[in-house]
Amino acid sequence: AHLGGMGLQRGHAVFADECLGAGPQWVFALCWVNLRNGRMRDIPLAVEIEWNLNMGEIAEDFDKLLQSSAQHRLMVFEQRDVRDVGMVLKALKARVTAYGSRRKGDRFLFAGYAFTERKLVFDLLVV
């Protein structure tokens with residue numbers, strides 16, 4: 001809800017479930033969209049969130065961000081501990097490296113929550 005509110009304050013159309021003032025979830029768990037005359041100009045922020053520990057489920061959601069042209073892409077996920085968060089980060093970064101349509105300057109922010117240690121691990125990858 002906070003990211004949605006921030007987007008609305010900045011004048012973006014926001015699409016996310018359970019966010020006051022936002023449209024229904026569309027493609028991503030949350031996204032900010034710039035519209036002109038009712039048409040999409042660009043997507044400043046796209047967010048995917050996966051609380052399932054399964055790497056396949058995380059990768060499926062991340063692949064939506066990977067193909068997106070959003071200026072900023074945020075992937076939020078959880079794992080049991082910091083070591084497992086690191087393994088997921090490594091796998092997601094490898095997906096970026098292997099993706100043939102990546103562009104110089106593509107930005108990916110990762111937020112992995114290690115729930116047994118109550119630690120939030122952030123990482124940023126700029127291509």
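Under 22 Å from Arg118 (Cβ atoms), in a helix (DSSP H, G or I) and in contact (Cβ under 8 Å) with a residue 40 or more places away in the chain - does that describe any residue in the stretch 65-73?
No, that holds for no residue.
So Lys93 passes all but one of these: (1) assigned to a helix (DSSP H, G or I); (2) in contact with a Leu (Cβ under 7 Å, 6 or more places away or on another chain); (3) surrounded by fewer than 13 Cβ atoms within 10 Å (Cβ to Cβ). Which condition number does it fail?
If we test Lys93 against (1) assigned to a helix (DSSP H, G or I); (2) in contact with a Leu (Cβ under 7 Å, 6 or more places away or on another chain); (3) surrounded by fewer than 13 Cβ atoms within 10 Å (Cβ to Cβ), just (3) comes out false.
Among the candidates Met40, Met87, which residue alone is in contact with a strand residue (DSSP E or B) (Cβ under 9 Å, 6 or more places away or on another chain), aliphatic (A, V, I, L, M), open to solvent by 60 Å² or more (accessible area, probe 1.4 Å) and under 18 Å from Phe115 (Cβ atoms)?
Just a single option satisfies the conditions, and that option is Met87.
Under 20 Å from Ala16 (Cα atoms), of a type in the set (Val, Ile, Thr) and touching a Leu at 6+ places or on another chain (Cβ under 7 Å): does that describe Val76?
no
Give me a count of the residues in the stretch 43-64 that are open to solvent by less than 10 Å² (accessible area, probe 1.4 Å) and assigned to a strand (DSSP E or B).
Number of matching residues: 3.
Would you check which residues across the stretch 96-114 are open to solvent by 10 Å² or more (accessible area, probe 1.4 Å), within 14 Å of Ser68 (Cβ to Cβ) and in contact with a helix residue (DSSP H, G or I) (Cβ under 8 Å, 6 or more places away or on another chain) and list them?
Tyr99, Ser101, Arg102, Asp106
The values are calculated or read from the model by the stated rules, or taken from the named source; none is laboratory data. Small disclaimer: the values here were computed from a predicted structure and weren't measured. Note that each Cβ is placed from the backbone with ideal geometry, even for glycine, and that neighbours are counted across all protein chains shown. What goes into the accessible areas is simple: the full protein's heavy atoms, side chains included, and nothing from ligands, DNA or RNA. Shrake-Rupley method; radii C 1.70, N 1.55, O 1.52, S 1.80 Å.
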